[in-house]
């Protein structure tokens, strides 16, 4: 098997969360209004949190969060599919070995991922953000009259931090990096093929993510999985984004139970004939989940800020929320309207009871 190494990719472009909240909040418009004594400590924490976005990003120390594990990481797969076709030296090698003419098919057969992180600083703003994350997630659970599913919300400072064996662990970090080793198979129209082991590393552009994974434990059999941990990065220049991260990821876990149930029923009613077909179906339901989460985040954050005397300026673009032109957000604008029309609690209840009925409203 051939060996191939990709250049390290520095963080660039807009992240999933930065895109979601693009242009929503300027730091200069942040203000804390007079509030009662009970909320004074939280308001003080939020003022400290607002100091994080202007801080300069750091690239050290880089510690190990989790060693190499098999992981069908969608972000790494996108990186490979974008970068490998640009490698003219690689394409020339493949052409010499298997003799394709104008096209060659690439399949990613396996990915091993090592997670690395840069810790949050020990300064007051980072500690305030930890307290905010715990408070806003507790607020979500209280509103839904349920116990927290988080075993811990913590800021790791050493390599190989403990993962909870029961419940979900949320790791707050400054930046997340991924080292990977992937087996890629290239096949010509003639059927001749060659495999390369590709290695490299990237900084993750997902400030927070609870992605649905489709796994194939056996041919023709598909299973759904969501990791029992979530990683929240604070390296963003957008304050709204920073505050939205713990809300959005908590809602993804909360609503994900209903999404996965609906997706399982859909696959049982019409079994997918391939992994690609299963992923298309999963992406459709994740777009529905994204629409609900986007609307709920917007409503909850506005309510939370109002209760704690925080004044958020009107968005510069005049929209309720900036929705990026990405396929995964194709229902997001409609989801914002649905949640605004029926209210946070009713929208949450509707989705948890029947994502299919929520989908019809989109």
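Only residues that are surrounded by fewer than 18 Cβ atoms within 10 Å (Cβ to Cβ) and touching a helix residue (DSSP H, G or I) at 6+ places or on another chain (Cβ under 9 Å) were counted across region 192-205, and they come to 3. Mind listing just one residue for me: the one in region 107-129 that is in contact with a strand residue (DSSP E or B) (Cβ under 9 Å, 6 or more places away or on another chain) and surrounded by fewer than 16 Cβ atoms within 10 Å (Cβ to Cβ) and, of those, farthest from residue 178 (Cα to Cα)? Looking at the filtered set, the residue picked out is 107. For region 97-127, the set of residues classified as under 17 Å from residue 236 (Cα atoms) and in a strand (DSSP E or B) consists of 117, 118, listed by residue number. In summary, helices (runs of 4 or more DSSP H) completely within region 13-86 and bearing 2 or more residues that are in contact with a helix residue (DSSP H, G or I) (Cβ under 9 Å, 6 or more places away or on another chain) and at pLDDT below 70 occur at 16-20.
Residues are listed down the side, and each one gets a yes or a no for (1) assigned to a helix (DSSP H, G or I); (2) more than 20 Å from residue 208 (Cβ to Cβ); (3) at pLDDT 90 or above; (4) in contact with a helix residue (DSSP H, G or I) (Cβ under 9 Å, 6 or more places away or on another chain):
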| position | (1), (2), (3), (4) |
| --- | --- |
| 278 | yes, yes, yes, yes |
| 302 | yes, no, no, no |
| 318 | no, yes, no, no |
| 323 | no, no, no, yes |
| 328 | yes, no, no, yes |
| 350 | yes, yes, yes, yes |
| 356 | yes, yes, yes, yes |
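In the set (1) part of a strand (DSSP E or B); (2) more than 30 Å from residue 90 (Cα to Cα); (3) touching a residue at least 24 places away in the same chain (Cβ under 8 Å), residue 180 fails one condition alone, (2). What's the number of the only condition in (1) touching a strand residue (DSSP E or B) at 6+ places or on another chain (Cβ under 7 Å); (2) surrounded by fewer than 19 Cβ atoms within 10 Å (Cβ to Cβ); (3) on the phi < 0 side of the Ramachandran plot that residue 309 fails to meet? Against the list (1) touching a strand residue (DSSP E or B) at 6+ places or on another chain (Cβ under 7 Å); (2) surrounded by fewer than 19 Cβ atoms within 10 Å (Cβ to Cβ); (3) on the phi < 0 side of the Ramachandran plot, residue 309 comes up short only on (3).
The values are calculated or read from the model by the stated rules, or taken from the named source; none is laboratory data. It should be emphasised that the depicted structure is a prediction, and the values quoted were computed from it without experimental measurement. Note that we place each Cβ from the backbone using ideal geometry, even for glycine, and neighbour counts take in every protein chain shown.
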